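What follows is a short report on a single structure.
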Amino acid sequence: MDQSHPHHPHHPADQPDPSSPQPGDLTYDVVVVGGGAAGLSAAVALGRARRTVLVVDAGQQRNLPAAGVRNVLTRDGLSPAELVRLGREEVLRYGGTVLGASVESVAPSVTASGTATGEGFDLVADDGTRVRARRLLLATGLADELPDVPGLRERWGTDVLHCPYCHGWEVRDQVIGVLASGPMAVHQALLFRQWSQHITLFLDGRAAPTAEEAEQLAARGVAVVPGAVAGLEVHDDALAAVLLADGARHAVQALVVGPRFSARTELARMLGVATAEHPLGLGTSVTTDETGLTSVPGVWAAGNVSDLTAQVAVAAARGLMVGAAINADLMAAELRAAVDSYRSR
Ligand SMILES: Cc1cc2nc3c(=O)[nH]c(=O)nc-3n(C[C@H](O)[C@H](O)[C@H](O)COP(=O)(O)OP(=O)(O)OC[C@H]3O[C@@H](n4cnc5c(N)ncnc54)[C@H](O)[C@@H]3O)c2cc1C
(Lines give C-alpha, C1' and ligand atoms only; values in the text may rest on other atoms or scores of the structure.)
Protein backbone atom coordinates (compact mmCIF):
# COMPACT_ATOMS: atom_id res chain seq x y z
CA MET A 1 0.00 0.00 0.00
CA ASP A 2 1.25 3.43 -0.78
CA GLN A 3 1.95 6.09 1.73
CA SER A 4 3.12 9.44 0.52
CA HIS A 5 4.78 11.89 2.80
CA PRO A 6 2.60 14.68 4.03
CA HIS A 7 3.28 17.97 2.31
CA HIS A 8 2.08 20.33 4.98
CA PRO A 9 0.28 18.80 7.91
CA HIS A 10 0.01 20.91 11.03
CA HIS A 11 2.64 19.85 13.51
CA PRO A 12 1.70 20.78 17.04
CA ALA A 13 4.77 22.98 17.28
CA ASP A 14 4.43 25.01 14.10
CA GLN A 15 0.73 25.81 13.98
CA PRO A 16 -1.54 26.80 16.82
CA ASP A 17 -4.52 24.50 16.91
CA PRO A 18 -7.40 24.52 19.36
CA SER A 19 -7.42 20.75 19.67
CA SER A 20 -3.99 20.48 21.36
CA PRO A 21 -2.67 17.21 19.89
CA GLN A 22 -0.63 14.63 21.72
CA PRO A 23 3.11 15.01 21.22
CA GLY A 24 4.12 13.36 17.97
CA ASP A 25 0.63 13.17 16.47
CA LEU A 26 -0.03 15.02 13.25
CA THR A 27 -3.08 17.19 12.97
CA TYR A 28 -4.85 17.53 9.64
CA ASP A 29 -7.61 19.93 8.77
CA VAL A 30 -9.53 16.90 7.53
CA VAL A 31 -9.02 13.18 7.81
CA VAL A 32 -11.02 11.25 5.25
CA VAL A 33 -11.62 7.63 6.18
CA GLY A 34 -12.15 5.65 2.97
CA GLY A 35 -10.56 6.24 -0.41
CA GLY A 36 -13.23 5.30 -2.93
CA ALA A 37 -14.94 7.72 -5.30
CA ALA A 38 -16.48 9.70 -2.43
CA GLY A 39 -13.42 10.04 -0.20
CA LEU A 40 -10.94 10.73 -2.98
CA SER A 41 -13.19 13.31 -4.60
CA ALA A 42 -13.62 15.10 -1.26
CA ALA A 43 -9.88 15.00 -0.68
CA VAL A 44 -9.17 16.57 -4.08
CA ALA A 45 -11.65 19.37 -3.37
CA LEU A 46 -10.12 19.94 0.07
CA GLY A 47 -6.56 19.86 -1.26
CA ARG A 48 -7.48 22.37 -3.90
CA ALA A 49 -9.01 24.46 -1.10
CA ARG A 50 -5.53 24.43 0.48
CA ARG A 51 -6.62 22.26 3.39
CA THR A 52 -4.30 19.67 4.85
CA VAL A 53 -5.98 16.37 4.19
CA LEU A 54 -5.18 12.74 4.94
CA VAL A 55 -7.03 9.88 3.26
CA VAL A 56 -6.79 6.58 5.14
CA ASP A 57 -7.97 3.76 2.91
CA ALA A 58 -8.17 0.02 3.53
CA GLY A 59 -8.49 -0.63 -0.23
CA GLN A 60 -11.79 -2.55 -0.27
CA GLN A 61 -13.66 -0.45 -2.82
CA ARG A 62 -16.95 -2.14 -3.47
CA ASN A 63 -16.71 -2.49 -7.21
CA LEU A 64 -13.20 -4.01 -7.30
CA PRO A 65 -14.54 -7.41 -8.49
CA ALA A 66 -15.96 -5.77 -11.66
CA ALA A 67 -13.93 -5.61 -14.86
CA GLY A 68 -14.82 -2.00 -15.62
CA VAL A 69 -16.63 1.04 -14.31
CA ARG A 70 -19.75 2.04 -16.26
CA ASN A 71 -21.80 5.23 -16.33
CA VAL A 72 -18.87 7.43 -15.34
CA LEU A 73 -18.64 9.95 -18.12
CA THR A 74 -15.31 9.84 -20.02
CA ARG A 75 -14.13 6.85 -17.90
CA ASP A 76 -16.28 4.13 -19.47
CA GLY A 77 -14.82 0.70 -18.82
CA LEU A 78 -11.84 1.85 -16.77
CA SER A 79 -10.87 -0.80 -14.23
CA PRO A 80 -12.03 0.11 -10.71
CA ALA A 81 -8.46 -0.31 -9.38
CA GLU A 82 -7.16 2.09 -12.02
CA LEU A 83 -9.82 4.63 -11.11
CA VAL A 84 -8.63 4.50 -7.50
CA ARG A 85 -4.99 4.78 -8.57
CA LEU A 86 -5.73 7.86 -10.68
CA GLY A 87 -7.85 9.35 -7.89
CA ARG A 88 -5.05 8.90 -5.37
CA GLU A 89 -2.64 10.57 -7.80
CA GLU A 90 -4.94 13.59 -7.98
CA VAL A 91 -5.09 13.78 -4.18
CA LEU A 92 -1.28 13.78 -4.01
CA ARG A 93 -1.07 16.43 -6.75
CA TYR A 94 -2.85 18.90 -4.47
CA GLY A 95 -0.72 18.19 -1.42
CA GLY A 96 -2.91 15.53 0.15
CA THR A 97 -1.62 12.38 1.79
CA VAL A 98 -2.87 8.84 1.24
CA LEU A 99 -2.25 6.13 3.80
CA GLY A 100 -3.02 2.50 2.99
CA ALA A 101 -4.38 1.33 6.35
CA SER A 102 -7.59 0.71 8.22
CA VAL A 103 -8.78 3.11 10.91
CA GLU A 104 -9.59 1.01 13.95
CA SER A 105 -10.72 3.61 16.44
CA VAL A 106 -11.83 7.20 16.62
CA ALA A 107 -12.75 9.38 19.57
CA PRO A 108 -13.26 13.07 20.29
CA SER A 109 -9.91 14.74 21.00
CA VAL A 110 -8.82 15.10 24.59
CA THR A 111 -5.99 17.06 26.18
CA ALA A 112 -3.01 15.40 27.84
CA SER A 113 -4.95 15.57 31.12
CA GLY A 114 -7.89 13.76 29.52
CA THR A 115 -10.41 16.58 29.22
CA ALA A 116 -12.34 17.03 25.97
CA THR A 117 -10.97 19.75 23.72
CA GLY A 118 -14.41 20.41 22.24
CA GLU A 119 -13.10 20.15 18.70
CA GLY A 120 -11.38 17.48 16.66
CA PHE A 121 -10.98 13.72 16.64
CA ASP A 122 -8.16 11.30 17.39
CA LEU A 123 -7.80 8.33 15.09
CA VAL A 124 -5.72 5.18 15.36
CA ALA A 125 -5.04 2.96 12.34
CA ASP A 126 -4.16 -0.73 12.28
CA ASP A 127 -0.56 0.09 11.31
CA GLY A 128 -0.15 2.10 14.52
CA THR A 129 -0.56 5.51 12.88
CA ARG A 130 -2.18 8.06 15.21
CA VAL A 131 -3.50 11.30 13.80
CA ARG A 132 -5.73 14.12 14.86
CA ALA A 133 -8.39 15.61 12.61
CA ARG A 134 -10.03 19.00 13.00
CA ARG A 135 -12.89 17.62 10.91
CA LEU A 136 -13.69 14.03 9.99
CA LEU A 137 -15.20 12.67 6.80
CA LEU A 138 -16.51 9.13 6.85
CA ALA A 139 -16.43 7.72 3.31
CA THR A 140 -16.17 4.09 4.34
CA GLY A 141 -18.64 2.70 1.80
CA LEU A 142 -20.64 -0.46 2.33
CA ALA A 143 -20.22 -4.21 2.23
CA ASP A 144 -22.56 -6.25 0.02
CA GLU A 145 -24.04 -9.11 2.04
CA LEU A 146 -24.60 -11.76 -0.61
CA PRO A 147 -27.14 -14.59 -0.47
CA ASP A 148 -25.68 -17.79 0.90
CA VAL A 149 -25.74 -19.90 -2.26
CA PRO A 150 -22.71 -22.14 -2.90
CA GLY A 151 -20.52 -20.78 -5.70
CA LEU A 152 -22.29 -17.41 -5.85
CA ARG A 153 -19.67 -15.26 -4.11
CA GLU A 154 -16.96 -16.37 -6.57
CA ARG A 155 -19.01 -15.02 -9.50
CA TRP A 156 -19.89 -11.66 -7.82
CA GLY A 157 -19.21 -8.71 -10.08
CA THR A 158 -18.79 -10.82 -13.22
CA ASP A 159 -21.96 -12.76 -13.99
CA VAL A 160 -23.61 -12.47 -10.57
CA LEU A 161 -24.86 -8.90 -10.49
CA HIS A 162 -27.20 -6.49 -8.78
CA CYS A 163 -27.11 -3.21 -10.71
CA PRO A 164 -28.57 -2.90 -14.22
CA TYR A 165 -26.87 0.44 -14.81
CA CYS A 166 -23.48 -1.12 -13.96
CA HIS A 167 -23.86 -4.39 -15.89
CA GLY A 168 -27.16 -4.41 -17.80
CA TRP A 169 -25.68 -3.44 -21.15
CA GLU A 170 -23.02 -6.15 -20.86
CA VAL A 171 -25.69 -8.87 -20.32
CA ARG A 172 -28.25 -7.51 -22.78
CA ASP A 173 -30.34 -10.18 -24.53
CA GLN A 174 -28.80 -12.91 -22.36
CA VAL A 175 -30.72 -15.51 -20.36
CA ILE A 176 -30.89 -13.80 -16.97
CA GLY A 177 -32.01 -15.27 -13.65
CA VAL A 178 -33.14 -13.06 -10.78
CA LEU A 179 -32.68 -14.65 -7.37
CA ALA A 180 -35.27 -13.46 -4.86
CA SER A 181 -32.85 -12.52 -2.09
CA GLY A 182 -34.01 -9.04 -1.12
CA PRO A 183 -37.14 -6.93 -0.85
CA MET A 184 -36.78 -5.65 -4.44
CA ALA A 185 -36.70 -8.99 -6.27
CA VAL A 186 -39.89 -8.51 -8.31
CA HIS A 187 -38.85 -4.96 -9.13
CA GLN A 188 -35.41 -6.23 -10.23
CA ALA A 189 -37.00 -8.86 -12.50
CA LEU A 190 -39.26 -6.24 -14.11
CA LEU A 191 -36.36 -3.79 -14.39
CA PHE A 192 -33.93 -6.22 -16.04
CA ARG A 193 -36.68 -6.97 -18.57
CA GLN A 194 -35.55 -3.69 -20.16
CA TRP A 195 -32.25 -5.38 -21.06
CA SER A 196 -33.44 -8.86 -22.01
CA GLN A 197 -36.62 -10.76 -22.90
CA HIS A 198 -35.28 -13.89 -21.19
CA ILE A 199 -35.85 -13.28 -17.49
CA THR A 200 -36.63 -15.91 -14.84
CA LEU A 201 -37.40 -15.03 -11.23
CA PHE A 202 -36.17 -17.73 -8.83
CA LEU A 203 -38.21 -17.45 -5.64
CA ASP A 204 -35.84 -19.78 -3.75
CA GLY A 205 -38.69 -20.88 -1.50
CA ARG A 206 -39.73 -17.31 -0.66
CA ALA A 207 -43.29 -16.02 -0.67
CA ALA A 208 -45.00 -15.99 -4.06
CA PRO A 209 -45.51 -12.58 -5.71
CA THR A 210 -48.80 -10.84 -4.93
CA ALA A 211 -51.61 -11.18 -7.47
CA GLU A 212 -50.76 -7.75 -8.86
CA GLU A 213 -47.06 -8.62 -9.16
CA ALA A 214 -47.84 -12.00 -10.73
CA GLU A 215 -49.92 -10.23 -13.36
CA GLN A 216 -47.10 -7.73 -14.05
CA LEU A 217 -44.53 -10.52 -14.36
CA ALA A 218 -46.80 -12.50 -16.69
CA ALA A 219 -47.52 -9.41 -18.79
CA ARG A 220 -43.79 -8.89 -19.32
CA GLY A 221 -43.12 -12.59 -19.99
CA VAL A 222 -41.04 -13.14 -16.83
CA ALA A 223 -41.01 -16.81 -15.78
CA VAL A 224 -41.33 -17.57 -12.05
CA VAL A 225 -39.65 -20.65 -10.51
CA PRO A 226 -40.69 -21.28 -6.89
CA GLY A 227 -38.24 -24.00 -5.69
CA ALA A 228 -35.25 -23.68 -3.34
CA VAL A 229 -31.93 -22.89 -5.05
CA ALA A 230 -29.12 -25.32 -4.18
CA GLY A 231 -26.19 -23.96 -6.18
CA LEU A 232 -24.77 -22.63 -9.42
CA GLU A 233 -23.18 -24.46 -12.33
CA VAL A 234 -20.13 -22.86 -13.90
CA HIS A 235 -18.40 -23.88 -17.15
CA ASP A 236 -15.21 -22.38 -18.60
CA ASP A 237 -15.25 -19.59 -16.01
CA ALA A 238 -18.78 -18.56 -16.97
CA LEU A 239 -22.09 -19.04 -15.19
CA ALA A 240 -24.07 -21.82 -16.89
CA ALA A 241 -27.09 -22.72 -14.75
CA VAL A 242 -29.04 -22.34 -11.53
CA LEU A 243 -29.48 -25.68 -9.78
CA LEU A 244 -32.54 -26.32 -7.65
CA ALA A 245 -32.74 -28.53 -4.57
CA ASP A 246 -35.22 -30.80 -6.38
CA GLY A 247 -32.58 -31.54 -9.05
CA ALA A 248 -33.94 -29.21 -11.74
CA ARG A 249 -31.40 -27.29 -13.82
CA HIS A 250 -32.17 -23.90 -15.37
CA ALA A 251 -29.63 -22.58 -17.88
CA VAL A 252 -28.70 -18.91 -17.23
CA GLN A 253 -25.88 -16.66 -18.39
CA ALA A 254 -26.22 -14.09 -15.62
CA LEU A 255 -27.82 -14.04 -12.18
CA VAL A 256 -29.17 -10.92 -10.51
CA VAL A 257 -29.20 -10.85 -6.70
CA GLY A 258 -30.36 -8.34 -4.09
CA PRO A 259 -27.58 -8.04 -1.51
CA ARG A 260 -28.22 -6.40 1.81
CA PHE A 261 -26.23 -3.17 1.73
CA SER A 262 -24.33 -3.09 4.99
CA ALA A 263 -22.85 0.39 5.36
CA ARG A 264 -19.54 0.37 7.22
CA THR A 265 -20.77 2.27 10.27
CA GLU A 266 -18.35 1.00 12.94
CA LEU A 267 -16.50 4.32 13.29
CA ALA A 268 -19.76 6.29 13.12
CA ARG A 269 -21.10 4.21 15.99
CA MET A 270 -17.96 4.84 18.09
CA LEU A 271 -18.77 8.55 17.86
CA GLY A 272 -22.50 8.14 18.49
CA VAL A 273 -23.42 9.19 14.94
CA ALA A 274 -27.06 8.48 14.12
CA THR A 275 -27.88 5.77 11.56
CA ALA A 276 -31.17 4.76 9.96
CA GLU A 277 -32.69 1.85 8.08
CA HIS A 278 -33.39 2.46 4.38
CA PRO A 279 -37.14 2.97 3.78
CA LEU A 280 -37.21 -0.02 1.39
CA GLY A 281 -35.29 -2.26 3.80
CA LEU A 282 -32.10 -2.33 1.70
CA GLY A 283 -29.80 -1.79 4.69
CA THR A 284 -28.72 0.70 7.34
CA SER A 285 -26.71 3.86 6.65
CA VAL A 286 -25.38 6.98 8.35
CA THR A 287 -27.89 9.82 8.52
CA THR A 288 -26.79 13.24 7.28
CA ASP A 289 -28.32 16.59 6.43
CA GLU A 290 -28.16 17.86 2.86
CA THR A 291 -24.59 19.15 3.39
CA GLY A 292 -23.40 15.70 4.49
CA LEU A 293 -23.13 16.69 8.18
CA THR A 294 -23.99 13.83 10.56
CA SER A 295 -25.70 14.12 13.93
CA VAL A 296 -22.28 14.75 15.54
CA PRO A 297 -20.73 18.20 14.92
CA GLY A 298 -17.47 17.94 13.02
CA VAL A 299 -18.29 14.57 11.44
CA TRP A 300 -19.45 14.38 7.83
CA ALA A 301 -20.29 11.41 5.62
CA ALA A 302 -20.38 10.88 1.85
CA GLY A 303 -20.87 8.03 -0.60
CA ASN A 304 -22.38 4.62 0.10
CA VAL A 305 -21.93 4.89 3.88
CA SER A 306 -24.69 7.50 3.89
CA ASP A 307 -26.39 6.81 0.55
CA LEU A 308 -26.74 3.08 -0.12
CA THR A 309 -27.70 3.43 -3.77
CA ALA A 310 -25.12 6.04 -4.86
CA GLN A 311 -23.12 4.96 -7.88
CA VAL A 312 -19.56 6.05 -8.59
CA ALA A 313 -20.36 9.39 -10.20
CA VAL A 314 -22.93 10.18 -7.50
CA ALA A 315 -20.52 9.22 -4.71
CA ALA A 316 -17.83 11.41 -6.27
CA ALA A 317 -20.27 14.31 -6.63
CA ARG A 318 -21.29 13.96 -2.97
CA GLY A 319 -17.62 13.87 -1.98
CA LEU A 320 -17.06 17.17 -3.73
CA MET A 321 -20.16 18.76 -2.14
CA VAL A 322 -19.24 17.54 1.33
CA GLY A 323 -15.59 18.59 0.88
CA ALA A 324 -16.80 22.10 0.09
CA ALA A 325 -19.15 22.06 3.10
CA ILE A 326 -16.29 21.03 5.40
CA ASN A 327 -14.11 23.80 4.02
CA ALA A 328 -16.93 26.28 4.66
CA ASP A 329 -17.28 25.01 8.24
CA LEU A 330 -13.54 25.38 8.88
CA MET A 331 -13.59 28.83 7.29
CA ALA A 332 -16.47 29.90 9.57
CA ALA A 333 -14.58 28.70 12.66
CA GLU A 334 -11.41 30.48 11.56
CA LEU A 335 -13.37 33.65 10.85
CA ARG A 336 -14.91 33.60 14.34
CA ALA A 337 -11.45 33.19 15.86
CA ALA A 338 -10.03 35.98 13.68
CA VAL A 339 -12.81 38.41 14.64
CA ASP A 340 -12.39 37.57 18.35
CA SER A 341 -8.68 38.18 18.12
CA TYR A 342 -9.21 41.39 16.12
CA ARG A 343 -11.62 42.73 18.75
CA SER A 344 -9.23 42.02 21.58
CA ARG A 345 -6.36 43.91 19.96
C1 LIG B 1 -19.84 -5.52 -8.41
C2 LIG B 1 -20.13 -4.04 -8.43
C3 LIG B 1 -20.00 -3.34 -9.62
C4 LIG B 1 -20.27 -1.99 -9.66
N5 LIG B 1 -20.14 -1.33 -10.83
C6 LIG B 1 -20.41 -0.01 -10.90
C7 LIG B 1 -20.33 0.69 -12.14
O8 LIG B 1 -20.03 0.11 -13.18
N9 LIG B 1 -20.63 2.02 -12.15
C10 LIG B 1 -21.00 2.68 -11.01
O11 LIG B 1 -21.24 3.89 -11.07
N12 LIG B 1 -21.08 2.04 -9.81
C13 LIG B 1 -20.79 0.72 -9.73
N14 LIG B 1 -20.87 0.07 -8.53
C15 LIG B 1 -21.17 0.84 -7.31
C16 LIG B 1 -19.85 1.46 -6.77
O17 LIG B 1 -19.02 0.43 -6.32
C18 LIG B 1 -20.15 2.45 -5.64
O19 LIG B 1 -21.01 3.45 -6.12
C20 LIG B 1 -18.89 3.15 -5.13
O21 LIG B 1 -17.90 2.21 -4.81
C22 LIG B 1 -19.21 4.01 -3.91
O23 LIG B 1 -18.05 4.72 -3.55
P24 LIG B 1 -17.66 5.01 -2.02
O25 LIG B 1 -16.49 5.92 -2.07
O26 LIG B 1 -18.85 5.42 -1.26
O27 LIG B 1 -17.26 3.57 -1.42
P28 LIG B 1 -16.12 2.53 -1.86
O29 LIG B 1 -15.72 2.73 -3.27
O30 LIG B 1 -16.61 1.17 -1.47
O31 LIG B 1 -14.87 2.93 -0.96
C32 LIG B 1 -14.92 2.86 0.45
C33 LIG B 1 -13.50 2.64 0.93
O34 LIG B 1 -13.44 2.86 2.35
C35 LIG B 1 -12.54 1.92 2.89
N36 LIG B 1 -12.76 1.77 4.33
C37 LIG B 1 -13.87 1.30 4.96
N38 LIG B 1 -13.68 1.32 6.29
C39 LIG B 1 -12.44 1.82 6.50
C40 LIG B 1 -11.65 2.08 7.66
N41 LIG B 1 -12.13 1.85 8.89
N42 LIG B 1 -10.40 2.57 7.51
C43 LIG B 1 -9.91 2.83 6.27
N44 LIG B 1 -10.60 2.61 5.12
C45 LIG B 1 -11.85 2.11 5.25
C46 LIG B 1 -12.84 0.65 2.10
O47 LIG B 1 -11.79 -0.29 2.24
C48 LIG B 1 -12.97 1.23 0.69
O49 LIG B 1 -11.74 1.26 0.03
C50 LIG B 1 -20.66 -1.31 -8.47
C51 LIG B 1 -20.80 -2.02 -7.28
C52 LIG B 1 -20.54 -3.37 -7.25
C53 LIG B 1 -20.72 -4.12 -5.97
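Which ones in segment 50-106 are away from the ligand (no atom under 12 Å from the Cβ), of a type in the set (Ser, Thr, Tyr) and not in a loop (DSSP other than H, G, I, E, B)? Result: Thr97, single match. For Val30, state whether it is modelled with pLDDT of 95 or more, within 16 Å of the ligand (Cβ to nearest atom), outside any strand (DSSP E or B) and farther than 30 Å from Arg155 by Cα. So Val30 does not fit the description; no. If you scan segment 167-207, which residues turn out to be crowded, with 19+ Cβ neighbours inside 10 Å and among the hydroxyl-bearing types (Ser, Thr, Tyr)? Selection gives Ser181, Thr200. Summed over segment 130-176, residues that are assigned to a loop (DSSP other than H, G, I, E, B), within 14 Å of the ligand (Cβ to nearest atom) and either hydroxyl-bearing (Ser, Thr, Tyr) or free of Cβ contacts under 8 Å to residues at least 40 places away in the same chain (or both) total 3. Residue-level check: of (1) on the phi > 0 side of the Ramachandran plot; (2) within 11 Å of the ligand (Cβ to nearest atom), Asp127 misses just (1). For segment 107-129, the tally of residues that are closer than 19 Å to Pro297 by Cβ and either in contact with a helix residue (DSSP H, G or I) (Cβ under 7 Å, 6 or more places away or on another chain) or touching a residue at least 12 places away in the same chain (Cβ under 8 Å) (or both) stands at 12. Tell me, yes or no, whether segment 324-338 has at least one residue that is more than 22 Å from Gly36 (Cα to Cα), free of Cβ contacts under 8 Å to residues at least 60 places away in the same chain and part of a loop (DSSP other than H, G, I, E, B). Within segment 324-338, none of the residues are more than 22 Å from Gly36 (Cα to Cα), free of Cβ contacts under 8 Å to residues at least 60 places away in the same chain and part of a loop (DSSP other than H, G, I, E, B). Reported count of residues in segment 266-322, each being within 16 Å of the ligand (Cβ to nearest atom) and either in a strand (DSSP E or B) or polar (S, T, N, Q) (or both), is 15. Residue-level check: of (1) touching a residue at least 40 places away in the same chain (Cβ under 8 Å); (2) within 9 Å of the ligand (Cβ to nearest atom), Ala45 misses just (2).
So is Gly77 at pLDDT below 95, at positive phi and surrounded by fewer than 19 Cβ atoms within 10 Å (Cβ to Cβ) or not? The answer is no for Gly77.
The values are calculated or read from the model by the stated rules, or taken from the named source; none is laboratory data. Since this is a predicted model, take the numbers as computed values, not measurements. Positions of Cβ are generated from backbone atoms using ideal geometry, with glycine treated the same way; all protein chains shown enter the neighbour counts.
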